[in-house]
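Asks: Quick one: the structure is below, questions incoming.
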Amino acid sequence: MGFDEAGAKALMEITSRPDLVFMRGEGSWLEDHNGKRYLDFVQGWAVNSLGHCPPEVVRALTDQAQRLINPSPAFYNQPAMDLARRLTGASCFDRVFFANSGAEANEGAIKLARKWGQLHRNGAYKIITFQHSFHGRTLATMSASGKAGWDTIFAPQVDGFPKAPLNDLDAVAALIDDQTVAIMLEPVQGEAGVIPASTEFMQGLRELTDKHGLLLIVDEVQTGMGRTGTLFGYQHSGITPDIMTLGKGIGGGVPLAALCAREEVSCFAHGDQGGTYNGNPVISAVGVAVFDALTAPGFLDAVNSRGRQLADGLNRLSEKWGMNGERGVGLLRALKLDQTDGAAIVQAAMALQPEGLLLNSPRPDLLRFMPALNVTAAEVDHMLLLLDTAIQTVRS
Ligand SMILES: *Cc1c(COP(=O)(O)O)cnc(C)c1O
């Protein structure tokens, strides 16, 4: 089958894509328009928590689609209530607002914090965020992000996001003034290259926010829903945040995100927040199916076992090739290269024959691994073999 050049031309060009069209997927595997198979350790950027086309997601979609697709967010629907109950029952939060993307959930978190500041902190509105952080691609979430160049690309920015270096409590404290309302961070910075906030730092932020009467917001769009081996990333540090956002893995591949907050912080008045598709029953039903799979007995234990297996294997490769080791939590991991050939390794891995390997290189000297959370031990071993071959191809 030929590549659809005209079709590709009709799409707005927002990134450089390979001349491949993926036609079907199953679990950790994808198949392109030529019938070539790829082991997928990107999974839509940590989105397909149960792999490609998991049966429980397909079943939830088709069952709910035959019953009720969209009564409008002005009315209750049962799947949204079922999913909200599950999320509040499993976390320290009391209320959930569903959204369609991580950026939209974060916009909601920013609005909620500003509203809370108007009600309780004399209109304080600044939210301290972190260098190299990533919170999404809307204007406000790009302004909250600490990605290089994002301060000018669509200037002027949305005001009120002073930035501190991660894991530097004194620097955060120095940014607090009477206009500060919250601190927002990713428990593990994903796009920045899988950089965990330390437990002491998370606990220090909670103490600092308590002392100054500020909100602590965790952006768990990437770290939430089992990715780090606990259901939520904040649970590793034993703290209780005020607001959490979820996205990516919560929908297992469909557009679902959530803004979770404690009762005292859930201060939107009628009309402050909404959205046409938010919390629609079809997508919420998928969320319920994904949640139940992730919280089934033994599931997170397997995530932790596969995480250790992946870490051990990456460390062996690092030693073999003279690289700088690996880091990460659970099944969000990175291999630290000793050279800036990340993009070349990604290319070589995709081009391997007869089977390709899909990887991501968020920085030139780093490879990121975000497999399905139900990846098998054999698939992890297989990936390590393919990766070794790809490195060999690039470096010999
Ligand atoms: C991906 C991501 C987002 C943005 O989510 P979208 O669904 O792409 O809008 C926000 N925060 C973090 C930490 C992310 O990894």
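Asks: Taking PRO362, is it crowded, with 20+ Cβ neighbours inside 10 Å, within 18 Å of the chain's Cα centre (by Cα) and closer than 28 Å to MET225 by Cα?
Replies: So PRO362 fails the test.
Asks: Looking at ASP19, is it touching a residue at least 12 places away in the same chain (Cβ under 8 Å), out of contact with any Lys or Arg (no Cβ under 7 Å at 6 or more places or on another chain), more than 23 Å from MET225 (Cα to Cα) and not hydrophobic (A, V, I, L, M, F, W, C)?
Replies: Answer is yes for this residue.
Asks: For the stretch 107-126, which positions are part of a helix (DSSP H, G or I) and among the hydrophobic types (A, V, I, L, M, F, W, C)?
Replies: Once the filter is applied, which keeps residues that are part of a helix (DSSP H, G or I) and among the hydrophobic types (A, V, I, L, M, F, W, C), the stretch 107-126 yields ALA109, ILE110, LEU112, ALA113, TRP116, LEU119.
Asks: Being closer than 28 Å to GLU326 by Cα and either more than 16 Å from the ligand (Cβ to nearest atom) or free of Cβ contacts under 8 Å to residues at least 12 places away in the same chain (or both) is true for just one of GLN203, GLN179, GLN189, GLN157. Which residue is that?
Replies: From the options GLN203, GLN179, GLN189, GLN157, the qualifying one is GLN203.
Asks: How many residues does the stretch 97-119 contain that are over 18 Å from the mean Cα position of the chain (by Cα) and touching a residue at least 24 places away in the same chain (Cβ under 8 Å)?
Replies: Residues in the stretch 97-119 being over 18 Å from the mean Cα position of the chain (by Cα) and touching a residue at least 24 places away in the same chain (Cβ under 8 Å): 8 in total.
Asks: Collect the residues in the stretch 80-103 that are touching an Asp or Glu at 6+ places or on another chain (Cβ under 9 Å) and buried (at least 24 other Cβ atoms within 10 Å of the Cβ), keeping them in residue-number order.
Replies: PHE93, ALA99, GLY102
Asks: I would also like to ask the following. What residue, among those in the stretch 209-236 that are small (Gly, Ala, Ser) and buried (at least 22 other Cβ atoms within 10 Å of the Cβ), is farthest from the chain's Cα centre (by Cα)?
Replies: The extreme case among them is GLY229.
Asks: Filter the stretch 237-259 for residues that are of a type in the set (Gly, Ala, Ser) and within 23 Å of VAL57 (Cα to Cα); which is surrounded by the fewest Cβ atoms within 10 Å (Cβ to Cβ)?
Replies: GLY253
Asks: Quickly run through the stretch 176-202 and pick out the residues that are farther than 27 Å from LEU335 by Cα and exposed (fewer than 15 other Cβ atoms within 10 Å of the Cβ).
Replies: Passing the criteria: ASP177, ASP178, GLN179.
Asks: For the stretch 44-59, state whether one or more residues are touching a Lys or Arg at 6+ places or on another chain (Cβ under 6 Å) and crowded, with 16+ Cβ neighbours inside 10 Å.
Replies: yes
Asks: Among the residues of the stretch 130-154, count how many are part of a loop (DSSP other than H, G, I, E, B), within 16 Å of the ligand (Cβ to nearest atom) and in contact with a helix residue (DSSP H, G or I) (Cβ under 9 Å, 6 or more places away or on another chain).
Replies: Number of matching residues: 8.
Asks: Quick one: in the stretch 237-272, of everything that is of a type in the set (A, V, I, L, M) and away from the ligand (no atom under 16 Å from the Cβ), which residue is farthest from the chain's Cα centre (by Cα)?
Replies: Step by step, filter the stretch 237-272, then rank; the result is ALA269.
Asks: Please list, ordered by residue number, the helices (runs of 4 or more DSSP H) wholly in the stretch 1-106 having 2 or more residues that are touching a Pro at 6+ places or on another chain (Cβ under 8 Å) and of a type outside the set (Gly, Ala, Ser).
Replies: Answer list for the stretch 1-106: 55-67, 78-90.
Asks: Could you tell me whether any residue of the stretch 283-295 is crowded, with 21+ Cβ neighbours inside 10 Å, among the polar types (S, T, N, Q) and away from the ligand (no atom under 16 Å from the Cβ)?
Replies: yes
Quick note: the coordinates plus some simple rules give every number you see, no bench work behind them. Nothing here was measured: the structure is a model prediction, and the numbers come from that model. In this analysis, Cβ positions are derived from the backbone assuming ideal geometry, glycine residues included, and neighbour counts consider all displayed protein chains.
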